[in-house]
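Presented below is the structure to which this report refers.
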Amino acid sequence: MSASDHPPTQSEERRVKAIAVSRGIGIGPAVFLPESSLHSEHRKISAKAIETEIDRLRFGVDRSRANLDELVGTGTFPQNGSITGIFDTHLLILDSFAVKVEDRIRANYINVEWAIDTVLREAFERHGVGTPAHLREKQLDLKDVAAGILGELRSADRIQYPKGSVIIAGEIRPSTVVEFSHTAPAAIVALRGGWTSHSSILARELEIPMVTGADLSFVDVGDLVVVAGYTGEIVVRPDARTLLDIHGKKESEKLRVANLWQSGNATPETSQVVIRVNLESSLAYDAARHLGVRGIGLYRSESLIPRPGKLPSEDEQHAAYSRIAASVGEAGINIRTFDIGPENIEESAGFERNPALGLRAIRLSLVDPAILTAQLSAILRANERGNISVVIPMVSGITEIRRFRELLVNSAQALLLDGYSVNMPRVGAMIEVPSAVLTAAEIAAEVDFICLGTNDLVQYLLAVDRDNASVADWYQTLHPAVLRAIEYVVAAGRGAGIPVTACGEMAGSPFYIPLLVGLGIRDLSMSAGSVKAAQQLIGGIGISGSEAIAHAALKGKTASEIDSALRRLYSEHWPSLFPDGFLDELH
Ligand code: PEP
Ligand code: MG
């Protein structure tokens, strides 16, 4: 008897420690995001989850039937009756196949994907080696029908999840986080990812509690899961006592966050540091404007790509850039050109062995300039007010900047020939690669401003994958090398008389903001949710206090020494800004 033949047993409460990447507490039933690989996930489900699973099956079957109807009925293959005949056969197989799958779900307490695999396996086992040709054909048809249902489930699962679910994933794409936000998930748990992963950044922005680095493969669909997005603790199948405790904590956490850092007013010190936002939507900017922010410091244009292979056209980009440029007005917007790899252009692109070090960002743009040229043309057309700047991602030296400028000039000339009037944008470089840090003075001489991308800076400087939870302990934002690199880049910006905007997650973290200001950063770009805290901290600690913090930090020889020094200073000198218990939860 296989494991799948047993109904699930009621298990005890179980606790798992994960990495907290987005605050808040979420409680809800577990649902699983299928891996995007061809292998479908096998999951036991609870008795309560059976009807939901059958609904998923029906959904997949209905969608497959509609696709087949279309292929047969719309005359897609008018000349070839034998091909339409194949799809007729598929239509006939579909219903009997669905009945068998439903039986397996009910009998074995397993998810649709597992049930489909089981039915397929049984059909194949019945006719092993030496299967006659006509039966092999039938097996292939069956496989095709199964693949159709699985494909529909994969693309639709995102919107099928009930509200308030805890979504469990191996890896979760940023666009998926945004899609999920519409179904108000209670929380997200991902095996891969870290504090600076784009999905984590979005979860914070959308206020969805999220933790990473947790393997919840022992959880069944429908199990109740509690996620504490500030301590990183996960409780699976909580008992009544734990639930009571958690509900109490949830309320007090809400109050604590609402009270801290929300009430302060700007002071003269605050005005010495420019605060911008990292945003991609004009509506969100309209909402952030009243916070007193000065424009958009980082617009990640790849957010316009809803899924791999779906690059927006020049006109779609033009519309998006124009809308947001009109919304920010004089304060201006820094549009970073696509920071993507080949896998974003074509879903089927082979995976690079080392994608973070591969053909991505400016490298890809220079190898395949058509995409960049269309993007630059869209930006130039949208720059009617002259308030758009462009930022080059992942610069490693000045050669890339020069080639980028050539392409920018070419795009401008082509537009002029077409009768457009053109405002040239200011050009900035992302500094996030060690070679760019070490040639920051040369880079600063070739650009109008620098964006200091601390997320990647830490990744590349310390050779630690920012999305790999298993090396999260090596991702040390406070490593002395990182602080020295920041000092170096600030000095290069000063030398050239150009601004240096810090725009990684460090720039929006209450723990690091005073340090950055102390290291000489006078321009921060952060998610809108961090702005009030930043204003309070800069106003409360001031420039001289921040400089004292940076001075102490630069003496540290290890990240943990520096971390302890900061904690000591914060709690001794600014206890009202960093009350007891809060420091432990900050990045
Ligand atoms: C960074 O690397 O710090 C940054 C701002 O860019 P992204 O997080 O998009 O890589
Ligand atoms: Mg980056």
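Assorted remarks:
- Length-normalised contact order of the chain in % [C-alpha pairs under 8 Å, at least 6 apart]: 14 percent
- The accessible surface of the chain, taken with every protein chain in place and a 1.4 Å probe, is 53 percent carbon and sulfur.
- Distance violations [Cα-Cα > 30 Å] among LYS48/LYS310; LYS138/LYS310; LYS163/LYS249; LYS250/LYS310; LYS249/LYS555: LYS48/LYS310; LYS138/LYS310; LYS250/LYS310; LYS249/LYS555
- Normalised per residue, the accessible area of the stretch 526-576 is 45 Å², obtained with a 1.4 Å probe and no contribution from ligands, DNA or RNA.
- Using alpha-carbon coordinates, inclination of helix 133-160 to the longest axis of the chain, degrees: 40 degrees
- For ILE110, the residues 5 or more places off, or on other chains, whose built amide H falls under 5 Å of its own are ILE45.
- Sparse-neighbourhood loop sites, trypsin sites (Lys or Arg not before Pro) in the stretch 331-391 - DSSP loop, at most 12 other Cβ within 10 angstrom: ARG353
- Acute angle (nearest 10 degrees) that the helix 314-328 long axis makes with the longest principal axis of the chain, alpha-carbon atoms: 50 degrees
- Candidates per GluC sites (Glu not before Pro) in the stretch 437-534, loop by DSSP, up to 10 other Cβ within 10 Å: none
- Shape class for the stretch 439-565: rounded, because the ratio a/c of the largest to smallest gyration tensor axis (alpha-carbon atoms, square roots of eigenvalues) is under 1.5.
- Under 20 Å from the Cα of LYS44 - lysines, other chains or at least 8 residues apart: LYS100
- DSSP-assigned coil residues among GluC sites (Glu not before Pro) in the stretch 352-415, each with at most 10 further Cβ atoms within 10 Å: none
- Within the chain, helix-based [θ] at 222 nm, where runs of 4 or more DSSP H residues each add -39,500 (n - 2.57), nearest 500: -15000 deg cm²/dmol
- Accessible area per residue in Å² at 1.4 Å probe, computed on the stretch 336-446: 45 Å²
- Here the scattering of the chain is modelled by Debye summation over its C-alpha atoms, one equal scatterer each and no solvent; at q = 0.06 Å⁻¹ the log10 of I(q)/I(0) is -0.37.
The values are calculated or read from the model by the stated rules, or taken from the named source; none is laboratory data. Small disclaimer: the values here were computed from a predicted structure and weren't measured. A quick note on method: Cβ atoms are made from the backbone with ideal geometry, for glycine too, and the neighbour counts reach across all protein chains shown. Remember, those area values only see protein heavy atoms, side chains included, never the ligands or the DNA or RNA. Shrake-Rupley method; radii C 1.70, N 1.55, O 1.52, S 1.80 Å.
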